[in-house]
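To keep things clear, I will list the structure first and then write my remarks on it.
The values are calculated or read from the model by the stated rules, or taken from the named source; none is laboratory data. Computed from a predicted model, the values in this text were never measured in an experiment. Every residue, glycine as well, gets a Cβ built from its backbone with ideal geometry; the counts of neighbours run over all protein chains shown.
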């Protein structure tokens, strides 16, 4: 598996990926966004999200945390242009979001690798869809795979990969066309705790180097605190922002960061906000 | 979403279609406690026992024929069927009848496949149209298409066309329903991924929906390969100018038991060959299926 | 699709309408049928299509009334229904029993597998003429054909269902020191039932096909025989009416199977 070449590999991955990303684009403003699902047959309509506002600066790592039904995924999909808010708007780099755009990459909880494409071809999917020249991106895709510890697997098919390897492939896929914003919808939620932690550390190293804007949805508070500059804590009925929490942990963060006092203080502050007794 | 009843027919056909695709070495739960063989034993023992069962069966059959337990008018011994097969194959009429039945089957099948896949794509592209038309599709899939044989003979004549028509009718709906079903079952998150990449409808269809639906389409194509042959044979039973089905009825009424059984074996072989070809193409095209 | 809390529900307009979109589509479905009837009527009235190929709707309706008011019709209907139901019942019982028996031993099951696959693919209707020789012109040969055709979907689906019992559920039952019998009745049967009913539903249609094809070849009575006779006498309206009756019978059988399966495996949806 990939564990052995973990930290060294990702460090150099960081360098490789850094070279290709240059712009300071990727600022997000969410302005009073609401989402109402119309009812059927006269029942009350469902207010999924009500009047949510926050902003994410270019290069910032922000997590959305909250219980099921708080609308955190709805917010992510609104930023991605995959769903239209019923009220308010989302603005990216000064332009309101009306449809999905190339500069925004999305990673889902399930890897969604295509069984008829091998690992390399799966990573190149955005390149194919964007009508870019495959040859121009081949090296970058290979580099990403190599540094994600999947160098030996580029010709393997998704059926042959473990869950963690599948999500690594999906991570390479979202990065291959160099988006300025990466939206992640509980990407490691289906993985076991060990794999999840390893991938979190790798993700941070990559982010440290590329400084892409990341919006990360999770229901794992520890994961959110460890990864993020800010954690936006959301509540239910209706989905709304409870508090925008700064994470006072210095970067770069390592596993050791999780032993530090600010980590625990932030974690318990968020637990209190969400009404989790301890 | 369509009603449960509307979806059901395909579930069956896909269940049937995948029935023989059992992964070796997987032990399903209910069989946990059963005495298992290690893989090596399995590789040798099972085919040998399987073959042994067949040989024992043939011997018992021969023996009961010789002891006159079974009348040779009802079931001739295997040896005489085997000799008769050689005679039938060499008979001057055989090639013509074989070509007739095979042509009817293949032409009807291919027409059905092309039209059904095309229509399936159209119907799942225009969802509104699909909702309006689908009840009829379900009805036609459930009613026995062989009942249309006489009507088709009136329309298309006693020759080859009416059998092509019946082969077409009988195999059409399975492919249509499976195609629609396959396109319907493309994972929602995969579609969202394509949307997030701002993929065009065409790109989404070619890169995702079509390959994702292919296993279902081929499950339908496998089932309908057998059905097309049935259509051709039933058509020939009623009226025809040529074909193995007609010859079978003729021999039956002439009480030529040897020839009837020889023909049955040959028709069975034809069915196996046709199915085998489709299964082979399936494996080539949808190689990524588990 | 309902609002799933993730924000992916299809966008809908909230404007109030007289009819829901579903109702409109249902009306359009019926409208399509009405349109086809009008087209059919027009095709005959304008002599665009010969009434030999396609008799006028009214002629078919008359044919249908002649048929159902005739003295001979019910005997034929009963014969076909009887053959179908008995053939179906035989196939169902034999298919389920054999599947249960085979699944008792993994080894036997694997030995039987290639034969099942081969026989499943063979065109069983080819047996029709042979069965007539063996069992005579009466209903026995049709029942046999019916059962032969309907048998395999039941067998294969039951085996599939039994195989689909989750390993952990079996472990749970074992941890409760359940007997083999208890595992079978409390776990295997309920898990396999949806599959069995899927098989029975196909089998119902196939049993009818078997009966009709058997009657095509030779028969004293039955809708298939009626159909061939009308067709030979060029009684076009009666051919169409009989075809419709067979279709209706097929729908009825399938409908009954759906109803029963909804009652029995109510937890499936």
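Things to note:
- Among the residues making up the range C:217-238, those that are touching a residue at least 60 places away in the same chain (Cβ under 8 Å), surrounded by fewer than 24 Cβ atoms within 10 Å (Cβ to Cβ) and within 9 Å of chain B (Cβ to nearest Cβ) are C:218, C:234, C:236.
- Any hit, the range B:178-192, residues being in contact (Cβ under 8 Å) with a residue 12 or more places away in the chain, in a helix (DSSP H, G or I) and facing another protein chain (nearest Cβ under 7 Å): yes
- Residues of the range C:17-57 that are over 24 Å from residue B:134 (Cα atoms), surrounded by 14 or more Cβ atoms within 10 Å (Cβ to Cβ), in contact with a helix residue (DSSP H, G or I) (Cβ under 8 Å, 6 or more places away or on another chain) and within 14 Å of chain B (Cβ to nearest Cβ): C:49, C:54, C:55.
Matching residues to (1) over 22 Å from residue C:116 (Cα atoms); (2) more than 10 Å from every other protein chain (Cβ to nearest Cβ); (3) not in a helix (DSSP H, G or I):
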| site | (1), (2), (3) |
| --- | --- |
| B:232 | yes, no, no |
| B:252 | yes, no, no |
| B:258 | yes, yes, no |
| B:266 | no, no, no |
| B:269 | no, no, no |
| B:272 | no, no, no |
| B:275 | no, no, no |
| B:283 | no, yes, no |
| B:287 | yes, no, yes |
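- Condition met for residue A:184 (over 15 Å from residue A:123 (Cβ atoms) and within 14 Å of chain B (Cβ to nearest Cβ)): yes
- Residue within the range B:132-140 that is outside any loop (DSSP other than H, G, I, E, B), away from every other protein chain (no Cβ under 14 Å) and either surrounded by fewer than 18 Cβ atoms within 10 Å (Cβ to Cβ) or touching a residue at least 40 places away in the same chain (Cβ under 8 Å) (or both) present: no
- Test: residue in the range B:201-215 that is under 23 Å from the mean Cα position of the chain (by Cα), farther than 30 Å from residue B:115 by Cβ and either in a loop (DSSP other than H, G, I, E, B) or more than 10 Å from chain C (Cβ to nearest Cβ) (or both): no
- When each of A:59, A:69, A:34 is tested for being at pLDDT 75 or above and assigned to a strand (DSSP E or B), the lone residue that passes is A:34.
Yes/no matrix, rows are residues, columns are (1) more than 7 Å from chain B (Cβ to nearest Cβ); (2) more than 30 Å from residue C:75 (Cβ to Cβ); (3) within 22 Å of the chain's Cα centre (by Cα):
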{"position": "C:92", "(1), (2), (3)": "yes, no, yes"}
{"position": "C:102", "(1), (2), (3)": "yes, yes, no"}
{"position": "C:105", "(1), (2), (3)": "no, yes, no"}
{"position": "C:122", "(1), (2), (3)": "no, yes, yes"}
{"position": "C:130", "(1), (2), (3)": "no, no, no"}
{"position": "C:137", "(1), (2), (3)": "yes, no, no"}
{"position": "C:151", "(1), (2), (3)": "yes, no, yes"}
{"position": "C:158", "(1), (2), (3)": "yes, yes, yes"}
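- So residue C:90, is it surrounded by 20 or more Cβ atoms within 10 Å (Cβ to Cβ), part of a helix (DSSP H, G or I) and modelled with pLDDT of 85 or more: no
- Among the residues here, residue C:219 qualifies as over 20 Å from the mean Cα position of the chain (by Cα) and within 23 Å of residue B:230 (Cα to Cα).
- Test: residue in the range C:165-183 that is touching a residue at least 40 places away in the same chain (Cβ under 8 Å) and either in contact with a helix residue (DSSP H, G or I) (Cβ under 6 Å, 6 or more places away or on another chain) or at the interface with chain B (Cβ under 9 Å from one of its Cβ atoms) (or both): no
Yes/no per residue for (1) over 20 Å from the mean Cα position of the chain (by Cα); (2) free of Cβ contacts under 8 Å to residues at least 60 places away in the same chain; (3) within 14 Å of chain B (Cβ to nearest Cβ):
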{"position": "A:86", "(1), (2), (3)": "yes, yes, no"}
{"position": "A:100", "(1), (2), (3)": "no, yes, yes"}
{"position": "A:128", "(1), (2), (3)": "yes, yes, yes"}
{"position": "A:152", "(1), (2), (3)": "yes, yes, no"}
{"position": "A:155", "(1), (2), (3)": "yes, yes, yes"}
